[in-house]
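Contents: one structure, followed by commentary.
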Amino acid sequence: MLFSHSYKKAFLKTLGSFIQVIPILIGTLFLVSWLQAVLSKDIFYRVFSGNTILDSLAGALFGSISGGSPITSYIIGGELLQQGVSLTAVTAFILTWVTVGVIQLPAELLILGKKFAIARNIVSFVSALMVAIFITLTLAFI
């Protein structure tokens, strides 16, 4: 009986937390969907100058702001590569697209806490830039 009551209490507490988070998640999904519809792919082509470092920063910034699913980022990344955007910039874009969430930040702040959410996004952004550069350097030696 003791376990039954504990499980029920934990389940109800978890359910209550989930119900509180649902409106935030729905709002975040709507905002992400809206931004993906508003930002045309042509905007990405105009931003990249050919400078690997500036392009990487631009890619990381756009990925951070846009945010989305990995499948979509691969499609956009492939198109950017075909347009002559550097591999470093595209890699930074794809990594931040999936790992950094400027759009989702309000929800993360509420759910995960201010300190953790901000630290996670900063670490993800810097890591994405470093990984993008290391991938490009590694492929240059292959």
- Message: For segment 113-138: of the residues being among the small types (Gly, Ala, Ser) and surrounded by 14 or more Cβ atoms within 10 Å (Cβ to Cβ), which is farthest from Leu57 (Cα to Cα)?
- Response: Ala117
- Note on the structure: Within segment 16-45, of all residues that are at pLDDT below 75 and over 19 Å from the mean Cα position of the chain (by Cα), the one surrounded by the fewest Cβ atoms within 10 Å (Cβ to Cβ) is Asp42
- State which residue pairs qualify: first residue part of a helix (DSSP H, G or I) and inside segment 10-28, second residue among the hydrophobic types (A, V, I, L, M, F, W, C) in any location, beta carbons under 6 Å apart, and separation of 6 or more residues or different chains. Ile24/Ala107; Thr28/Ala107
- Given the conditions (1) touching a residue at least 60 places away in the same chain (Cβ under 8 Å); (2) farther than 28 Å from Gln20 by Cβ; (3) of a type in the set (S, T, N, Q), and given that Thr91 satisfies all but one, which numbered condition is not satisfied? (1)
- Do we find that Val102 is touching a Pro at 6+ places or on another chain (Cβ under 9 Å), within 30 Å of Phe18 (Cα to Cα) and touching a residue at least 24 places away in the same chain (Cβ under 8 Å) in this structure? no
- Query: Considering Val85, Val126, which residue is among the β-branched types (Val, Ile, Thr) and at pLDDT 90 or above?
  - Reply: Val126
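The values are calculated or read from the model by the stated rules, or taken from the named source; none is laboratory data. Bear in mind that the values here come from a model prediction, so they are computed numbers and not experimental data. Glycine also receives a Cβ, built like all others from the backbone with ideal geometry; neighbour counts cover every protein chain displayed.
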